Structure formats: structure tokens, C-alpha cells
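FYI, it's all coordinate maths here, none of it is from the lab. From a predicted model like this one, the values you see are computed outputs, not experimental measurements. All Cβ positions, glycine included, derive from the backbone under ideal geometry; neighbour counts span all protein chains shown.
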Amino acid sequence: MRRWWPWILLLAGLQLQAQPGGELRFCIHSYPRTFNPLLVEDEASETVRYLTGGVLVRMDRITQKLQPELATEWKVSADGKRIRFKLRTGVRYSDGTPFSAADVVYTMQQLMDPALHSATGDAFRSGEGAVSAQALSPALVEISFPAAVANLASLFDTVAIISSKSPQREMAVLGPFYIAERKAGSYILLKRNSNYWKKDANGRPLPYLGAVRLEVEQNREIEALRLQRGEIHLINAVVPAVYDKLSRSDPALVRDAGVSADTEQVWFNQMPGAPIPAYKLAWFTSTNFRRAVSEAINREDMARIAFHGHARPAVGVTSPANRFWFNGKLNHHPYDPDSALRRLKQDGFHMENGGLRDKSGNEVEFSIITNAGNSARETMAAMIQQDLKKIGIHVNVVTIDLPSLLERVSSKFNYEACLLGWINADLDPNLQMNVWLSSADNHQWNPKQSSPSTSWEAEIDRRMKDQASSSDERKRKQAWDRVQQIVWEQEPFIFLVNKDALVGISPAVKNAQPSFLRPQTFWNVEELEVK
Amino acid sequence: MKWLRRISFGILLTVAAACMAAGYLAPAGYEHQFRDLPAAGPSAQHPMGTDDVGRDRLARLLYGIRVSLLLAPLAAALATVMAALVGGVAGYAGGWIERCMLLIVDLFLSIPWIFLLVTVRAALPLNISPQASVTVTFALLGMLGWAASARVICAGTRDLMKSDFVWMARASGFSGFKLLRLHVLPNLRDTLLAQFWISVPVFIITEANLGALGLGVAEPLPSLGSLLGELQQLVTLRPEPLRFVPLFVLIVIVSCFQILLEKRQVNV
């Protein structure tokens, strides 16, 4: 009998090696549209890219600082037009192909190819002219841009380096997992990349997990039930009502990772050619009117009731969660209906028979559209309706399906006010250029202006261009602080709340450190283990 | 089963009376938000508790049923009139006119009505009051929900046109509008009434479906559909039996209508 125990121990050891860390399972809400990491636009494809792609640098989701990955060092030139990466040596793709500077050059060439139409590549387009990448040695690469690119190094967090030599093309990966099996519309099985270069502090190879299984599940209620049953291990975003329910029945399953960078806001249509009456356009373009509406909305109540206390009254476009870029001198607009009425009086509004009327005698009434099926937003709209009734404004809440809403807001401009939210996946304000420039398509309140229609929009344009063309973080922060200040004063968007990042994590998962930044629960997937 | 019909009639009458007296029975208006008491349980002040925004559930239920009970019959009347026109003309005229009209009816029946309703709702002007929006919603239901009844009425008219007394009337010189008014329409009355009563619960349920999708009656006006929307969240359904009351009331109302209809259908 004694002769058997070394064999038993050896077999047990082999078993442990064969399945390090077990299989992590969670849901994606649609099947990925692409497995090419350069063409990623949807959330599911982004999840696969994050789990399989190797990047030069990675943003630590807790410290909000860049960490070296495939690049051990990097340096941005003083003019912000060039970046030089020193690369890690001895790294291999999942199929065994060696990694070198030529792969970074090839990736950048592919990424910036206009024929590819890569959304990831668009972030690097700083001006007229070509982007060039040059391999200075097998471990040194320099990338040059025609004009300064703000936040240049951080942009490489989303660029998965593809192989220039592998016959498997983009399916050969440098990340912790590779795609082993997939069934369209059903699941994707990722297996541990045995060639992955990273090791933990004790020299143990990462990742700890043997596999990650992504199951397609559209229904978030069923997703929550599956977490409760132990069929899946993670949920990246739990709605507040479900969070409350789970925190009562299974408190170990859910965590509040604190306030997120996501915002919920309402805005008025200020477009001159929009099919709305001229007198209403005059209200919506008045700063006093917008400020009055803002002051008449009780944000504390909204955070407490619509989000079950898992939200904070919003100060402005940047959430306090964004430690570096948030303008700490600003506070959220207080709930003050009396001040709101004083502001309205300055513009000639007056109360008549319990209702508010403008100086021409028109009854103040407008509609707010929001997307049907989002219960938090429907609750927020009902609360705005009730709050504004107290200052004599009659609001009609209209819930319509999302495609119709987007058509009204983006192409027909046939709406008066809209309630929607933003998911801010990136901390740097440079990625919001398409919102704040008056000429931009997403300058929602009055898009595609040939020249700024107000002096404050002209100043926002200037400040945004200043921050985009500078590589000096201090100057960029000053410019963005001023933009936040202007937006706070003028309120083209009336920011309402910042939601908390609520996540679901099974107690079976070890080393989880949820963050408000995406991907909230598995950003440190290499260190996760499943018991 | 006369006693069952009497009980059903009594229930419907009681529900209707309670809804009409909502202003006296409910502790607050349907839109008043008690923000210190969101999602509260039953209490002396709020016998059925409050919803997620703190609105009194009893008030919202009473006003919600009032909306459904008032407007569903109006929508049913509109649908029956349209069905009578299309089905009646098709059955009376016969031949290629009947085939063409039944083709239109088939076309209407084949339309995925939920998508059509969603599209039409999305195209409506935004600045209409909740009262106008609910009227428009039911009017839409009425205008889109006539096709099935039209087929029944067409078949009924066709049978009448072949009956002995119509042949005799024709032989006596009756034709056109006079024949329709004196012989066809009076004999179609029971069919039309049956179609009307069948449509009432159908429209109540259809509005409930739209409301549950968030596309029915606009806030803050309640309807049975918008109240049922709360039941969609499987996980968040706490052990609160009162959340199911609107569903129970809907089942009771529709069942009562069906029981009352049985006799009418037998008669037809």
C-alpha cells in the first residue's frame, strides 16, 4: 500500500496542473460581431478582445494608472507627435509564433488603413497625414503621428497586437486566453494560453484559470437568476432593484464598487431648424430656463428612489470617480424651486392659475422622451414631471422604443427634451470631442453647427482643441476644468445622477477586485481563480 | 348557470362603481408621490402600499381600471362599426367585391399588429396629454382590431342573403338600402353585439400588453397595462402578494365578460 502513495500524489499534481484555477463562467448579452480585435465596436467583441488580446500598456482599473504589458517602457515626445515603446523579449503568440517590433508595426498599419474603418483606429487620427510606425530594432518601435495626440499612451490599452507572421492571423493571440471553441449565438469557450508571458510575484505562470466560458444570454433577469443558482460567476452590471433583492437574500453575491463614470442626463433641443414652435425654442435656448429646470429637479430623491440609493447627484459631465479629470471646485446644483422661480421671473415667466406662462402668455409645457423598458429612466421621468409641476411647468412623458428615439434625436430632431444616459468607458476627456465640438454630430442639443452659435460654445470649442493638441497633462486639465465649468453654468445637458457600479461576483471567485471601469469584474482576469 | 352570470354581472358592476368613486375611496391622487414611502407595504394610510415612486397602489388601481373599463368598450364599438361596414358590404355584395374585401381583411389579419402599434405610437405627436394619449391608444386598437369580426359579420350577412325571407323580400321588390335596413341589419344585431362584447376584453388585454412594454398610457395616468409592467422583473418580485392584485383584477374582469358572453354566443 505504501508503494502507491507517491503515484497518487503525482496524479493529483498532474490534475492540478491540467486545470489550473478551474473554469470561469459569465454571460455576454449578444454574440460578438467580430473576432478581429481591430474592428471591435460592440460590448461582446470588446469582452473577447480584453480576454484574448495582448496590449502594449494596460490601465490599472483601481489605481487608474498605466501599467507595462508587452511594452516595458514608453516615452512620448515633447511635441506629443511620437511615442517610442521598448518591447518585452521572449514573448510568443498562442500558436508559438515569436512576438517582435514588426508585429507592432504591422498592427498599426492595419489599424490605420482607411479601408478597414476601425473605430479603435479613429482615436489615433489627430490630423491630416499618415501615421507611420517604424521598427528601430526587434525590441524597439516608434510610432509617429501628423499632429499631437492627447492621452497618447493610454490609447494603446485597446490595441491588441496581431501577428504579422502567424498563419492563424488574428486568432493567434498574446493575451491570457485564446478562442478554443465557439457556437454562434450560444457560447464561446476560451482556454488558457500556455505561451502567456506573465507570472505572479511567486513566479507562478498566469492566468490561474484554465478556461473562461462566455454564454450568450440577453435577459438580465435570467442572468441574475443564474448567478443565484451558481451557474455563472460574474455579472458586470446589476440593476439597483436586483442588487437590493440579492443583497437581502445572498449578500455575498453582490458588491457596490462605488460611484461610476456613467451619467444620466436630460437636454433640450436647441436646434434652430427643429420642428418645434419658435417660442419653445426661445425657452430652450435661455440659460435661465435651463438652470431653473435644473434647480427644480430633486437629484437626491432621484438617486434614493430611482436607483435605490445606489447613485449620487451628478455635478457635471465628469464624475467624481474620475479622480484626475474631475473639477473638484464644482458641486451639484442644489434642489431649490424658489431660486428656479426667481430665474424664470428674470426671463419674463409668470404664474397664472397655478401654471407657468412665458412673457407672451404661452403655457409652459414640453415633452420629455425616453426609451421604453428602462424602469429607472421611466421612474426618473415621472419624478421630473412631479418636480416641475411644483413650479408650474407641465411635462408630458413619452416612452418610445429606442430606435425611434434615436431617429428623432439624431436625424429628424423632432423632440423637445430627451432623457438618456452615457456610458463613459474611458476616463480621458479627449474621447468626448465628438460631443463637445459645436461641429460634431453628437453635439446633441444643437449638432453640426457651421460656426458656434453662442460665445460659450465657441469657448468650449477652443478649450477642447487646446487639450487635444497638448501633451502637457497640467494644461490639458486646466482646459478640461474650464469646459466643465462652462457646462455647469450653461447646462446644455442637465446632468442628474452618476450611478454606482453594482456587480455580481460569486463567492467561488477568488481575488476579485471590482472596479467602476469596464470590465468591472474581470479586469484582473489573470489573477482570478474559481474554487 | 344563471347564478354565475348574475355574480359576474354583480362583480363588474361593483368594480365599475368603485372606479367611478375612486376620488372618494382612494387616499390620494394617482399621481401623488409620497417620496418618503417608496415601495412601502400596506398600512392604514395606504391599504395596498405604494409603488417604487411612492404612489398609492389602490388609487392607481382604481383609476387604472377606470381607464380600461371606459375606453375598451369605446374601442370595441369603433372596431364593431368598422367590421360591420366592411363585413356587411362584402357579404351583401358577394362576388368579386366580397373577394376583394376579404383580401383586405386577410391582409389586416396577417399584419403583426404589435409592431404596427409600436410604429404608429412612435409617430404620434409628442406633446399630447396623458388623457389624449390613452384615447389615441384605444382608438388605434379599435381601428386595427376590426378584421376578425369583419369575417364573422361577412359570413353572417352571406347566410342571411341566402335565407328564404330575404329571397321572398327580393321577390316582393325589396332591394338595396331598404332590404339592408329592414331585413339584413335587424337580423345581424345579435352577431354585432356578440362581436362587440368579445372585443371588450380583447382590447383590455391588448392595452395591458402595450402597457407592459411601456408603450401604452403615458405617465402619470395609470392603466391595467402599466400596472402589470411591474410584474416583469422576475428577480425583484418580492414576496408582496399585493403586486399581483392588478393581474388578479384583470383576470376577474375578463372572466366576468366571458361568462356574460357565453349566453349571448349560444343565442347567436
ask   = Hey, what number do you get for chain A at 222 nm if only DSSP H runs of n ≥ 4 count, each worth -39500 (n - 2.57), divided across all residues, to the nearest 500?
value = -8500 deg cm²/dmol
request  = Output the antiparallel fraction of DSSP beta bridges having both residues in the protein assembly as shown, as a percent to the nearest 5.
outcome  = 80
ask   = Which of these, B:PRO73, B:PRO201, B:PRO241, has the largest mean-square fluctuation under a Gaussian network model of chain B (Cα springs below 10 Å)?
value = B:PRO241
query = Taking only C-alpha pairs under 8 Å that are 6+ residues apart, what is the relative contact order of chain B in percent?
reply = 24
inquiry  = I'd like to compare A:129-141, A:363-375: which one has the highest average count of other Cβ atoms within 10 Å, and what's the full order after that?
reply    = A:363-375, A:129-141
request  = Report, in whole Å, the centroid distance computed from the Cα atoms of region A:206-259 and region B:1-58.
outcome  = 37
ask   = Taking K and R as +1 and D and E as -1, what net charge do the other residues with C-beta under 14 Å from the C-beta of A:LYS390 add up to?
value = -4
query = All other residues with a Cβ under 10 Å from the Cβ of A:SER515 taken together, and with Lys, Arg as +1 and Asp, Glu as -1, what is their net charge?
reply = +1
query = Taking chain A, how much of its Cα-Cα pair set, in percent, is spaced more than 42 angstrom apart?
reply = 27
task = Under 1.5 on a/c is rounded, so check that first for chain B, then, if it is not, pick prolate when a/b is larger than b/c and oblate when it is not; a ≥ b ≥ c are the square roots of the alpha carbon gyration tensor eigenvalues.
result = prolate
request  = List the DSSP H helices in chain B whose Cα atoms stretch 24 Å or more along the helix axis and whose mean Kyte-Doolittle hydropathy is at least 0.5.
outcome  = B:2-20, B:57-93, B:185-212, B:245-267
remark   = CD proxy, 222 nm, chain B: helix-only mean residue ellipticity via -39,500 (n - 2.57) per DSSP H run with n ≥ 4, per residue, nearest 500, stands at -22500 deg cm²/dmol
ask   = Once you charge only the Cβ atoms, +1 for Lys and Arg and -1 for Asp and Glu, what is the size of the charge dipole of the protein assembly as shown about its Cα centre, to the nearest 20 debye?
value = 1220
query = What's the local net charge at A:GLU181, with K and R +1, D and E -1, over the other residues with C-beta under 10 Å away?
reply = +4
key: Residue pairs, from the table A:LYS86/A:LYS465; A:LYS199/A:LYS475; A:LYS329/A:LYS499; A:LYS280/A:LYS412, whose Cα atoms sit over 27 Å apart   = A:LYS86/A:LYS465; A:LYS199/A:LYS475
note = Relative contact order in percent for region A:259-500 (Cα pairs under 8 Å, 6+ apart) equals 34
task = Can you tell me the dipole magnitude for region A:8-150 around its Cα centre, using point charges on the Cβ only (Lys, Arg +1; Asp, Glu -1), in Debye to the nearest 20?
result = 420
request  = Using a/c under 1.5 as the rounded threshold, could you call region A:391-531 rounded, prolate or oblate? The axes a ≥ b ≥ c are square roots of the C-alpha gyration tensor eigenvalues, and prolate needs a/b larger than b/c, oblate otherwise.
outcome  = oblate
request  = Report, ordered by chain and residue number, the lysines lying within cross-link reach of A:LYS183, taken as a straight Cα distance under 24 Å and ignoring same-chain residues fewer than 8 apart.
outcome  = A:LYS191
ask   = Once you average over the residues of B:126-132, how many Cβ atoms of partner chains fall within 10 Å of each Cβ?
value = 5
